[in-house]
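First the structure, in the form of structure tokens, and then the observations on it.
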Amino acid sequence: MNKRTVLYVIAANVLALIALTFIYPEFMVSPGSTGAAHATLGNDCFACHQPFLGASEARCQSCHALADIGIKDTQGRPLARKGKTAKFHHALANPDCMGCHSIHRGSKLTQGDIRRFSHDLLPADIRQDCASCHTKPTNALHRPLTANCGACHSSEAWKPAQFSHASLPKTALAQCQSCHEKPQDRMHRPFTGNCGSCHSTTAWEPATFNHNRYFVLDKDHNTDCATCHTGNLRGIGGTDFKQYTCYGCHEHTPAKIRAEHLEEGIRNFNNCVKCHRDPRVEPEGYGESGDD
């Protein structure tokens with residue numbers, strides 16, 4: 001077989017492949033099956049694709065009129081509920097359908113034909129009005145917010161969010177428990193004051209604790225922290241300061257404290273600082289002077 005014959009054979013095969021591509025494109029170059037919305041097109045590739053040019057906006061808009069997107073279906077029938085994307089599509093000056101949408105469900109080889117939406121396509125006014133496309137969350141955290149979503153969230157992803165308490169109304173700033181659960185540990189359980197007296201909106205820890213507000217440290221009660229806080233070995237200095245005990249120093253033995261309180265008819269004496277917040281002052285009545 002001479003060189004010319006070989007070239008003829010190659011050319012004939014190339015022409016045959018081109019012809020088969022036009023006759024049976026779904027078998028020759030199909031990148032995957034179409035979604036349910038385009039199932040009625042069957043194997044009519046040229047409903048969306050132009051020969052040698054691929055899919056085009058003109059072919060898309062022959063069915064999906066830009067002015068009707070989100071308002072009418074492809075048959076011109078009004079939609080029962082207006083789509084949130086209508087405002088976005090109608091504002092596009094140079095629509096690039098293929099920039100966001102893919103007719104096929106992925107390549108038969110990779111199944112990976114996934115296109116990421118870019119908020120840069122949006123006009124500036126819509127980009128700042130997230131609710132024009134997205135439904136505002138209705139949970140307790142988001143319900144009172146009036147600031148733009150971008151104050152916490154980015155257009156790249158909903159999470160993680162950089163939350164700023166500055167976006168909250170002033171009334172909500174004083175009511176931490178409208179969003180946060182009150183800690184139920186021994187240290188926090190009796191507190192009724194505002195969380196901001198110890199904690200900041202920047203971070204829960206570290207906290208600034210006013211010791212004198214709950215127990216005044218005087219000359220007889222100003223010893224090592226670990227003398228009273230003998231809990232688990234964790235936290236600052238290796239001790240859990242949420243736990244405390246008044247036993248173990250001078251006259252505060254379990255037996256003596258029990259005897260003195262039972263003599264007064266007091267049986268609940270485990271939480272000493274409930275009544276004895278200032279060692280310089282004798283509690284009055286039946287253990288009520290230490291209550292808020």
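Is there any pair with a first residue in region 261-284 that is under 17 Å from residue 221 (Cα atoms) and a second that is among the aliphatic types (A, V, I, L, M) whose Cβ atoms are under 9 Å apart and which are 6 or more apart or on different chains, and what are they?
If the second residue must be among the aliphatic types (A, V, I, L, M), the pairs left are 272/257; 275/266; 277/216; 278/216; 279/216; 279/217; 280/216; 281/216.
Does residue 122 satisfy the condition of being hydrophobic (A, V, I, L, M, F, W, C), at pLDDT 75 or above and within 20 Å of the chain's Cα centre (by Cα)?
Taking the combined requirement at face value, the residue does not satisfy it.
Taking the stated definitions as given, is residue 203 more than 20 Å from residue 150 (Cα to Cα) and either small (Gly, Ala, Ser) or in a loop (DSSP other than H, G, I, E, B) (or both)?
So residue 203 fits the description; yes.
Could you say which residue among 189, 213, 143 is of a type in the set (D, E, K, R), assigned to a helix (DSSP H, G or I) and surrounded by 10 or more Cβ atoms within 10 Å (Cβ to Cβ)?
After applying the criteria, what remains is 213.
If I filter region 86-98 for residues that are free of Cβ contacts under 8 Å to residues at least 12 places away in the same chain and closer than 21 Å to residue 135 by Cα, do I get at least one hit?
no
Within the set of pairs 6+ apart or on separate chains, which have a first residue in region 39-52 that is farther than 15 Å from residue 102 by Cα, a second that is part of a strand (DSSP E or B) and among the polar types (S, T, N, Q), and C-beta atoms under 9 Å apart?
Close Cβ pairs (under 9 Å, with a partner that is part of a strand (DSSP E or B) and among the polar types (S, T, N, Q)) amount to 42/34.
State whether the residues of region 184-196 include one that is over 18 Å from residue 243 (Cα atoms), of a type in the set (Gly, Ala, Ser) and at pLDDT 80 or above.
no
Checking residue 130 against (1) at pLDDT below 80; (2) surrounded by 14 or more Cβ atoms within 10 Å (Cβ to Cβ), which single condition isn't satisfied?
Every condition holds for residue 130 apart from (1).
Taking the condition surrounded by 10 or more Cβ atoms within 10 Å (Cβ to Cβ) and modelled with pLDDT under 75, does residue 44 pass?
Here the answer is no, as residue 44 does not meet what is asked.
Yes or no: residue 201 closer than 30 Å to residue 253 by Cα, of a type outside the set (Asp, Glu) and surrounded by 12 or more Cβ atoms within 10 Å (Cβ to Cβ)?
Against the criterion (closer than 30 Å to residue 253 by Cα, of a type outside the set (Asp, Glu) and surrounded by 12 or more Cβ atoms within 10 Å (Cβ to Cβ)), residue 201 does not qualify.
Can you say whether residue 15 is more than 30 Å from residue 123 (Cα to Cα) and at pLDDT 75 or above, as far as the supplied structure shows?
yes
The values are calculated or read from the model by the stated rules, or taken from the named source; none is laboratory data. Just so it is clear, the model here is predicted, and its values are computed rather than measured. Reconstructed Cβ throughout: ideal geometry from the backbone, glycine too, with neighbour counts over all protein chains shown.
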